[in-house]
1. Take LEU136 and decide whether it is in contact with a helix residue (DSSP H, G or I) (Cβ under 6 Å, 6 or more places away or on another chain) and either closer than 19 Å to PRO173 by Cα or at pLDDT below 95 (or both).
2. Any idea how many residues of segment 55-79 are in a loop (DSSP other than H, G, I, E, B), touching a residue at least 24 places away in the same chain (Cβ under 8 Å) and either among the acidic types (Asp, Glu) or buried (at least 18 other Cβ atoms within 10 Å of the Cβ) (or both)?
3. Can you tell me which residue is modelled with the lowest pLDDT among those in segment 1-51 that are outside any strand (DSSP E or B) and of a type in the set (Ser, Thr, Tyr)?
4. I'd like to know if segment 167-175 contains one or more residues that are over 16 Å from LEU35 (Cα atoms), in contact (Cβ under 8 Å) with a residue 12 or more places away in the chain and either among the aliphatic types (A, V, I, L, M) or out of contact with any Lys or Arg (no Cβ under 9 Å at 6 or more places or on another chain) (or both).
5. Going through GLY186, GLY221 one at a time, which residue ends up being out of contact with any helix residue (DSSP H, G or I) (no Cβ under 7 Å at 6 or more places or on another chain) and at pLDDT 95 or above?
6. Restricting to segment 177-214, give me the number of residues that are under 22 Å from GLY37 (Cβ atoms), among the acidic types (Asp, Glu) and part of a helix (DSSP H, G or I).
7. Based on what the data block shows, is ILE192 surrounded by 20 or more Cβ atoms within 10 Å (Cβ to Cβ), without any contact (Cβ under 8 Å) to a residue 60 or more places away in the chain and in contact with a strand residue (DSSP E or B) (Cβ under 9 Å, 6 or more places away or on another chain)?
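The values are calculated or read from the model by the stated rules, or taken from the named source; none is laboratory data. Since we're looking at a predicted model, the values are computed, not measured. Cβ placement follows ideal geometry from the backbone for every residue including glycine, while neighbour counts extend to all protein chains displayed.
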Amino acid sequence: MQPILSCRNILVDFSGFKAVQGVDLEVQPQEVRFLIGPNGAGKTTMLDVICGKTKVRSGEVLFQQTKKITKLQEHEIVNLGITRKFQAPSIFSKLTVFENLELSVKQRRNLWSVLRAKLSGEEKDKIVSLLEKIGLKEQMSEAAGSLAHGQKQWLEIGMQLMQEPQILLLDEPIAGMSESERYKTGELIHEIADTCSVLIVEHDMEFVKNFSKKVTVMHEGKVLCEGSMEEIQQNEQVAEVYLGRRGKAC
């Protein structure tokens, strides 16, 4: 199987500080991949590179094997099929849950176009189906600002999914969630992966253990190792740099 995303020898330099140093990373179609490591390891910078927020000093990012995206603008990368949810939820608090998803319908780029246009029956069905998937169908007529923290996170994930991405980037998606919300988020991520690859930066090791299949560990801007969580836990290098001591990592 060919990877849907290939990062090759990525170097990011911030005024002499090498935040990412020669990183190679591949993501397969419909894969759930976790990116972990200590603070400052370069994880979020890699997401920034993939979505076009940060430009590389050298290296290349390929989407679908042939499309070079390192020089594209963020909106161009979204149009190709790569979307990102940042750590803090960014929703329209005064609009209803349904209206937030309506605003995110692919090809509709601003509030004015949504207010002027009527949704097709197919688009309405798509929104209702997505509301069921993210567990917010009963809240569809409520103001988004009234939702609980975890529900706001699910709503923003839903807003990204309305763009019909092929890759979804998530930065610490369970931050501030209750235990039950974390479990539901993990299940949602794997459901999303039926149609879309998911690359996740996460610090909560219990969550990674429960919902990962493949993990990439970064340290000081480099990839330290990759593998299953069980393999990562047995890696002595990971134990040394991630925990600062010998023994089982994570």
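1. Yes, satisfied.
2. Here the count works out to 1.
3. SER15
4. The initial filter retains those residues of segment 167-175 that are over 16 Å from LEU35 (Cα atoms), namely none.
There is no residue in segment 167-175 that is over 16 Å from LEU35 (Cα atoms), in contact (Cβ under 8 Å) with a residue 12 or more places away in the chain and either among the aliphatic types (A, V, I, L, M) or out of contact with any Lys or Arg (no Cβ under 9 Å at 6 or more places or on another chain) (or both).
5. GLY221
6. The number of residues fulfilling the criteria is 1.
7. Considered against the rule, which asks whether it is surrounded by 20 or more Cβ atoms within 10 Å (Cβ to Cβ), without any contact (Cβ under 8 Å) to a residue 60 or more places away in the chain and in contact with a strand residue (DSSP E or B) (Cβ under 9 Å, 6 or more places away or on another chain), ILE192 comes out as yes.
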